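Presented below is the structure to which this report refers.
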Amino acid sequence: MGSFAKWIGGGLGFVMGGPIGGLFGFVVGSFFDNATVQTTSIDNNVTTPGAFGMSLLVLIAAVMKADGKVVKSELDYVKQFFVRQFGRENAKEALVMLRDLLKQDIPVGDVCSQISRNMDYASRLQLMHLLFGVAGADGSFHSSEIKIIEMISTNLGISTSDYCSIRNMFIPETDSAYKILEIEPSATNEELKKAYRKIALKYHPDKVSHLGEDFRKTADEKFKKVNEAYEKIKKERNLV
């Protein structure tokens, strides 16, 4: 049993109830024949790795089904994404669950409501970052995928500015560096520095350290994008 199974076996948290638990009812029982699955409650609204991993898989399935079809190439792209992010063994385990989820009707609104009520905000931001990563794994972003990711963001209670920030990390728009830092191009140098400190704190990998090293590692990418945006603006402004 690889570490993906251990994440889930180590604490399912809030996802054992509600629509997420319903979606995983069969696959969890069949997948962990000899595993000890623990259900843990949220402590001060801190998300367990198992709850995060299951929430991520459900939302990935929803994004993949957005255009009404799932083709082998999409599964291959997602597999590559999981291999790159979490390792080959974890990818294999995750895809077993994902294939089962893709056969089911996913009540996206209800799933998001469950996540929003129980998952801390930093973890929800990390979900959004990973969803964009999956959507763009094939080198392009389809309008149906973006539409459902935006709907998921709204239902997860993600602020408009935070959604715009993460989206611009993957789909650059005009003044994307400023949008990543959540400021206007007219901001003063002092406002720029203040905005950077604020967003760097919000997106710092330590904010999701409770998800374990594998998920924390993926947060490094988001933090790197923030630093790249800041350095780009500083270069444009000739700031030291």
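What follows is calculated from the coordinates using simple rules that are stated; it is not laboratory data. All values reported here derive from a predicted model rather than from experimental measurement. Virtual Cβ from ideal backbone geometry, glycine too; neighbours counted across all protein chains shown.
The table for this structure:
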read-out	value
Which of ILE199, ILE146 has the fewest Cβ neighbours within 10 Å, and the rest in rising order	ILE146, ILE199
0 to 90° range, to nearest 10: angle between helix 88-101 axis and the chain longest Cα axis	70 degrees
Mean shadow area of the range 159-240, taken as a quarter of the surface of its Cα convex hull (nm²)	5.5 nm²
Most positive-pole-ward Cα, SER159, SER73, ALA219, against dipole of the chain from beta carbon charges	ALA219
Rg in Å to one decimal, and Dmax rounded to a whole Å, for the range 85-182 via C-alpha atoms	14.4, 41
Degrees separating the helix 18-31 axis from the principal Cα axis of the chain, which is the longest one	60 degrees
Trypsin sites (Lys or Arg not before Pro) restricted to the range 55-114 and DSSP loop, no more than 15 other C-beta within 10 Å	LYS69, LYS103
Sorted by Cβ neighbour density within 10 Å, fewest at the top, the residues HIS129, HIS142, HIS210	HIS142, HIS210, HIS129
Residues THR218, THR154, sorted so that the one with the fewest Cβ neighbours within 10 Å comes first	THR154, THR218
Value at 222 nm in deg cm²/dmol, rounded to 500, when DSSP H runs of n ≥ 4 in the chain each add -39,500 (n - 2.57)	-21000 deg cm²/dmol
Using alpha-carbon coordinates, inclination of helix 72-86 to the longest axis of the chain, degrees	70 degrees
